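The values are calculated or read from the model by the stated rules, or taken from the named source; none is laboratory data. The structure presented is a predicted model; accordingly, all values stated were derived computationally and were not measured. Counting neighbours? That spans all protein chains shown, and the Cβs are built from the backbone with ideal geometry, glycine included. To get the accessible areas, we keep the full protein, side chains included, count just its heavy atoms, and leave off ligands, DNA and RNA. Shrake-Rupley method; radii C 1.70, N 1.55, O 1.52, S 1.80 Å.
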Amino acid sequence: MVDAVSSLLQRGVSDIFPNNADSQQADDNLVYRLKTADQPLRIKLGIDPTGTDLHLGHSLPIRKLRAFQDLGHKAVLIIGDFTARVGDPTGKSEVRRQLTEAEVQHNIQTYLDQIKPILDFDTPDRLEVRYNSEWLSKIDLAKTLELLTTMTVGQMLAKEGFAERYQQGTPVYLHEFLYPLLQGYDSVAVEADVELGGTDQKFNIAIGRDLQRHFGLRPQFGLLTPILLGTDGVQKMSKSLNNYVGLAEDAVSMYSKLEKTPDALLSEYFEHLTDLPLKELPENPREQQKLLAHTLVSQYHSVAIANETQQSLAAMVTQGDMSQTDVIPEYSLAEVTFPAKLFYLLSASGLCSSSSDARRQIKGGAVKLDGTKITVVDQTYDQPDDLIGTVLQVGKKKFIRFIA
């Protein structure tokens, strides 16, 4: 048990607060709280359904939540259907667009579908899914005023992002000040013992501790996971930067991206995205890449699909075998206006990061259509029928198949 607790609190953890390792007080030593608790702890993770796609970077606190489940504790997953309509200002240089209720409801289902391969939804008493509209929609003006009295404007402006925007003269709206208080009140409502989040959530989680104390509850611990670097190894994983691996991506796309993980990122990805023993990994980086890709495709799809994907891609790369096109991700030409240039299709389909990148790839001889190298930068196709059913390839590991 102690070894499992040590692994839980060390692997893939950036910070725990409070964290007095020498204390024998269950309120400032999480190890001691876990060892002495006479009932499962309530481990909170809040997610705001502000979009439709989650990526591997989002999975870090969700994976940590599963680790607590596996030790017998209760995961309390807060779906921020109310706070999503406010929008978390963390890390934003301007006010976020407020979502409609219909948008939020649509996003909720996509989020739940994507995290089901990670969390244990089946074991009784191991997961509690709550929607914060349950309590936040009932807060009246008197309660709102009480929440507002727990913080000063100076304390709010100390939050990263608020201070920068204020100094730059960018508007900071009053409803944005409410967001950390509303998220913090979630911890009061569900009586959380531990709250999980990325390092960018420390301010909000700390407010949850303060509010629990204000309302006479035992303050929660904060456990922070790192912000995952994207596949470029430079900036944080983000869909807008096209350096991400989506949780809902097809097996081939997921495998292909992970099989190209830069050597410098491999140890970080294995630590944060898998449960494999780090001391038992292959020494060869190429073997590590294939193991990482196979492991994650197995988790988000299945072992059988991971095996098939690995074998099919290997055949295409080493033998140019295009008979395996059923495992290649598809790209619809329905929204493409013809005549269309190939460099545009490379960019629009995501095989290249931009049209200029697509031109470079064509010039470099890295682009093939059904195994035939394309060397004309301005190669143009007059109608969809010229491309439907063909396989477009960039390098050795990026493929798409055109469909109508």
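Just a few scattered comments:
- Of residues in segment 254-269 being surrounded by fewer than 20 Cβ atoms within 10 Å (Cβ to Cβ) and touching a residue at least 40 places away in the same chain (Cβ under 8 Å), the one nearest to Ser14 (Cα to Cα): Glu268
- Taken over segment 173-197, the criterion of being within 19 Å of Ala158 (Cα to Cα) and open to solvent by 10 Å² or more (accessible area, probe 1.4 Å) is satisfied by Tyr173, Leu174, His175, Phe177, Leu178, Leu182, Gln183.
- Listed conditions (1) assigned to a helix (DSSP H, G or I); (2) touching a residue at least 12 places away in the same chain (Cβ under 8 Å) are all met by Val76, apart from (1).
- Residue check: His55 meets all listed conditions (1) at pLDDT 90 or above; (2) open to solvent by 40 Å² or more (accessible area, probe 1.4 Å); (3) under 18 Å from the mean Cα position of the chain (by Cα) but one, namely (2).
- For segment 34-54, a residue qualifies if it is basic (Lys, Arg) and either under 19 Å from Gly197 (Cα atoms) or without any contact (Cβ under 8 Å) to a residue 24 or more places away in the chain (or both), and the qualifying residues are Arg42, Lys44.
- Where Gly365 falls short, out of the listed (1) at pLDDT below 85; (2) part of a loop (DSSP other than H, G, I, E, B): (1)
- Restricting Lys279, Lys290, Lys202, Lys239 to those that are over 30 Å from Ala26 (Cβ atoms), under 20 Å from the mean Cα position of the chain (by Cα) and either assigned to a strand (DSSP E or B) or charged (D, E, K, R) (or both) reduces the list to Lys239.
- Among (1) surrounded by 21 or more Cβ atoms within 10 Å (Cβ to Cβ); (2) touching a His at 6+ places or on another chain (Cβ under 8 Å); (3) farther than 30 Å from Arg33 by Cα, the one test that Leu228 misses: (3)
- Test: residue in segment 209-230 that is free of Cβ contacts under 8 Å to residues at least 40 places away in the same chain, within 21 Å of Thr144 (Cβ to Cβ) and in contact with a strand residue (DSSP E or B) (Cβ under 8 Å, 6 or more places away or on another chain): yes
- Of all residues in segment 1-25, those that are closer than 18 Å to Glu271 by Cβ have Cβ atoms under 8 Å from Cβ atoms of residues that are surrounded by fewer than 14 Cβ atoms within 10 Å (Cβ to Cβ) and among the basic types (Lys, Arg), 6 or more apart or on another chain, in Val5/Lys35.
- Checking each residue in segment 6-52 for being open to solvent by 40 Å² or more (accessible area, probe 1.4 Å), at pLDDT 90 or above and among the basic types (Lys, Arg) picks out Arg11, Arg42.
- Restricting segment 96-154 to residues that are in contact with a Lys or Arg (Cβ under 8 Å, 6 or more places away or on another chain) and polar (S, T, N, Q) leaves a set whose member that is modelled with the lowest pLDDT is Gln98.
- In summary, Leu346 fulfils each of the numbered conditions (1) open to solvent by 70 Å² or more (accessible area, probe 1.4 Å); (2) under 23 Å from Asn243 (Cα atoms); (3) part of a helix (DSSP H, G or I); (4) of a type outside the set (Val, Ile, Thr) with the single exception of condition (1).
- Within segment 376-390, tally of residues that are surrounded by fewer than 18 Cβ atoms within 10 Å (Cβ to Cβ) and in a strand (DSSP E or B): 1
- Restricting Leu241, Leu291, Leu296 to residues that are surrounded by 14 or more Cβ atoms within 10 Å (Cβ to Cβ), free of Cβ contacts under 8 Å to residues at least 12 places away in the same chain and not polar (S, T, N, Q) narrows the list to Leu241.
- When restricted to residues that are crowded, with 16+ Cβ neighbours inside 10 Å and in a loop (DSSP other than H, G, I, E, B), segment 124-138 contains 2.
- Against the numbered list (1) more than 25 Å from Gln299 (Cβ to Cβ); (2) out of contact with any Leu (no Cβ under 8 Å at 6 or more places or on another chain); (3) of a type in the set (D, E, K, R); (4) surrounded by fewer than 17 Cβ atoms within 10 Å (Cβ to Cβ), Asp3 comes up short only at (1).
- Residues that are buried (at least 19 other Cβ atoms within 10 Å of the Cβ) and of a type outside the set (S, T, N, Q), drawn from segment 204-225: Ile205, Ile207, Gly208, Arg209, Leu211, Pro219, Phe221, Gly222, Leu223, Leu224
- Segment 351-375, residues that are open to solvent by 40 Å² or more (accessible area, probe 1.4 Å), in contact (Cβ under 8 Å) with a residue 24 or more places away in the chain and of a type outside the set (Lys, Arg): Ser353, Gln361, Asp370, Gly371
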